[in-house]
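J.: Input: one structure, supplied below.
The values are calculated or read from the model by the stated rules, or taken from the named source; none is laboratory data. Every value quoted in this text rests on a predicted model; they were computed, and no experiment measured them. Heads up, the Cβs are rebuilt from the backbone with ideal geometry, glycines too, and the neighbour counts pull from every protein chain shown. Side chains are part of the model used for accessible areas, which takes the heavy atoms of the whole protein and leaves out ligands, DNA and RNA. Shrake-Rupley method; radii C 1.70, N 1.55, O 1.52, S 1.80 Å.
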Amino acid sequence: MDSIYTLGSKIGTKIRYQGKDFSFFSGTSYLGMGEVKAFEEKITEGLRRYGISHGLSRINNVRLDIYEKFESHFALDAGAPDAIVWSSGFLAGNTAVDFLRTRHRHIWIAPGTHPAVLPSEVSIQSHSSREAWKTWCEDEAAKLPASNILILSNSVDVLHPTVHHFDWIRELPSKHEYTLLIDDSHGFGVLGEGIYGCYHLWKHLPVNFLVSGSLGKGLSMPAGIILGPKEILGKIRMTATYRGASPPPPAYLFAFLEGLDLFENQRKKLHANMSLANSLDTFGKLEHDPNFPVYGLKDVAWVDHLEKFGFIVSSFPYPTSNDPCINRIVVSAAHEVTDLERLDQVLTELFMMNQV
């Protein structure tokens with residue numbers, strides 16, 4: 001069987017390909033909202049109320065109330081002063097970093113930072129690891145005269161599953177003014193106490209703090225967002241990008257606000273599934289962080305073995321087509337306990353086969 005599966009129907013936890021059924025452990029729909037019928041119904045209700053799209057500028061003299069309602073709610077529950085919703089996470093990140101880059105003398109970019117928050121025409125320092133980068137930042141901060149510094153990072157390394165921490169920034173010299181922009185695309189729906197990502201985790205750092213990212217992964221909405229200080233976001237609202245870009249389809253924002261209980265239920269299911277999945281790696285063959293539902297396969301041969309046992313996992317070259325495949329098992333809230341138990345059984349069998 002080819003390693004590329006081209007389907008003509010919805011992707012769920014079960015897919016059918018060339019007459020065979022598979023369990024699907026890939027993708028980024030961590031909360032599994034696409035499997036929640038009641039959420040689909042709320043989207044349909046939103047379509048009837050607000051239409052299929054809204055191709056007007058946010059500054060048009062005719063406006064929909066749902067955008068400001070969504071932004072106010074999301075900012076409040078994320079613990080942020082303000083929020084701007086966008087049509088994509090990439091647009092959100094690009095807009096944020098383009099605004100910030102010209103206002104800072106130094107830009108420090110963490111290894112693996114997503115292209116959405118990589119400034120153009122800025123050289124990226126090469127570091128052997130995140131720890132090496134942090135040490136470099138500390139050394140630079142100590143020797144530089146007082147300045148303003150922009151720090152860019154993801155909240156999560158999804159390729160080698162790790163949730164990043166930023167407490168080390170507290171120890172940097174206070175002579176500088178720091179701005180921290182985090183791409184939280186893979187944190188929304190997963191990180192923190194609710195579904196609003198990492199903002200409340202790091203909002204007390206001694207920095208100007210912004211978060212951007214896609215809401216199309218964990219939250220299953222075709223939209224992006226920027227969270228941050230009112231002064232900075234107010235200036236971003238004055239940019240040509242904000243004034244010229246169409247916002248996301250309003251029906252999804254309506255469905256989100258009307259379906260908060262559905263998201264919370266799925267969040268609880270996800271964390272229950274993560275607790276179960278975290279116990280799968282009894283042989284040390286998976287690379288994972290207990291706070292994130294992605295499990296890296298150390299043995300690439302296991303991808304083909306899992307396929308033979310009826311499992312499709314994430315496996316493709318990244319970030320370029322010339323790079324080696326990144327191989328991972330992705331668990332979502334939509335998986336049933338029986339799915340995880342069967343996966344545990346197969347992983348155990350694979351381990352035992354490799355021990356013979």
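J.: Within the range 100-130, which residues are farther than 23 Å from ASP323 by Cα and surrounded by 17 or more Cβ atoms within 10 Å (Cβ to Cβ)?
T.: Scanning the range 100-130 gives LEU100, ARG101, HIS104, ILE107, TRP108.
J.: Could I ask something else about it? Filter the range 219-250 down to the residues that are of a type in the set (A, V, I, L, M, F, W, C) and assigned to a loop (DSSP other than H, G, I, E, B) and list them by number. Working first, answer last.
T.: We begin by selecting, within the range 219-250, every residue of a type in the set (A, V, I, L, M, F, W, C); these are 219, 221, 223, 225-227, 232-233, 236, 238, 240, 245.
Matches in the range 219-250: LEU219, MET221, ALA223, MET238, ALA245.
J.: For the range 64-175, list the helices (runs of 4 or more DSSP H) that sit wholly inside it and hold at least 2 residues that are over 29 Å from GLY194 (Cβ atoms); which are they?
T.: In the range 64-175, 89-101, 130-143 are the helices (runs of 4 or more DSSP H) which contain 2 or more residues that are over 29 Å from GLY194 (Cβ atoms).
J.: So how many residues does the range 181-206 have that are at positive phi and either modelled with pLDDT of 95 or more or crowded, with 24+ Cβ neighbours inside 10 Å (or both)?
T.: Within the range 181-206, residues that are at positive phi and either modelled with pLDDT of 95 or more or crowded, with 24+ Cβ neighbours inside 10 Å (or both) number 2.
J.: Now a separate question. If a residue has to be over 19 Å from LEU260 (Cβ atoms), open to solvent by 10 Å² or more (accessible area, probe 1.4 Å), of a type outside the set (Ser, Thr, Tyr) and in contact (Cβ under 8 Å) with a residue 40 or more places away in the chain to count, how many in the range 207-237 make the cut?
T.: Final tally of qualifying residues: 7.
J.: Let me ask you something else. Restricting to the range 104-117, name every residue that is within 26 Å of LYS230 (Cα to Cα) and touching a strand residue (DSSP E or B) at 6+ places or on another chain (Cβ under 7 Å). First the steps, then the outcome.
T.: Of the residues in the range 104-117, the ones within 26 Å of LYS230 (Cα to Cα) are 104-110, 113-117.
Residues satisfying the conditions are HIS104, ARG105, HIS106, ILE107, TRP108, ILE109, ALA110, THR113, HIS114, ALA116, VAL117.
J.: Count, please, the residues in the range 289-344 that happen to be modelled with pLDDT under 90, part of a strand (DSSP E or B) and either in contact with a Phe, Trp or Tyr (Cβ under 9 Å, 6 or more places away or on another chain) or more than 22 Å from VAL156 (Cβ to Cβ) (or both).
T.: So the answer is 2.
J.: Quick one: TRP133 ticks every box in (1) closer than 20 Å to TRP202 by Cα; (2) crowded, with 22+ Cβ neighbours inside 10 Å bar one, so which box is it?
T.: TRP133 satisfies every listed condition except (2).
J.: Here are some residues: ALA78, ALA92, ALA96, ALA38. Which one is at pLDDT 95 or above, out of contact with any Lys or Arg (no Cβ under 6 Å at 6 or more places or on another chain) and surrounded by fewer than 17 Cβ atoms within 10 Å (Cβ to Cβ)?
T.: Every option except ALA38 fails the conditions.
J.: Right, here's the next one. Of the conditions (1) open to solvent by less than 60 Å² (accessible area, probe 1.4 Å); (2) closer than 26 Å to THR239 by Cα; (3) of a type in the set (A, V, I, L, M, F, W, C); (4) touching a Lys or Arg at 6+ places or on another chain (Cβ under 9 Å), ILE59 fails just one. Which one is it?
T.: Here ILE59 clears every test but (1).
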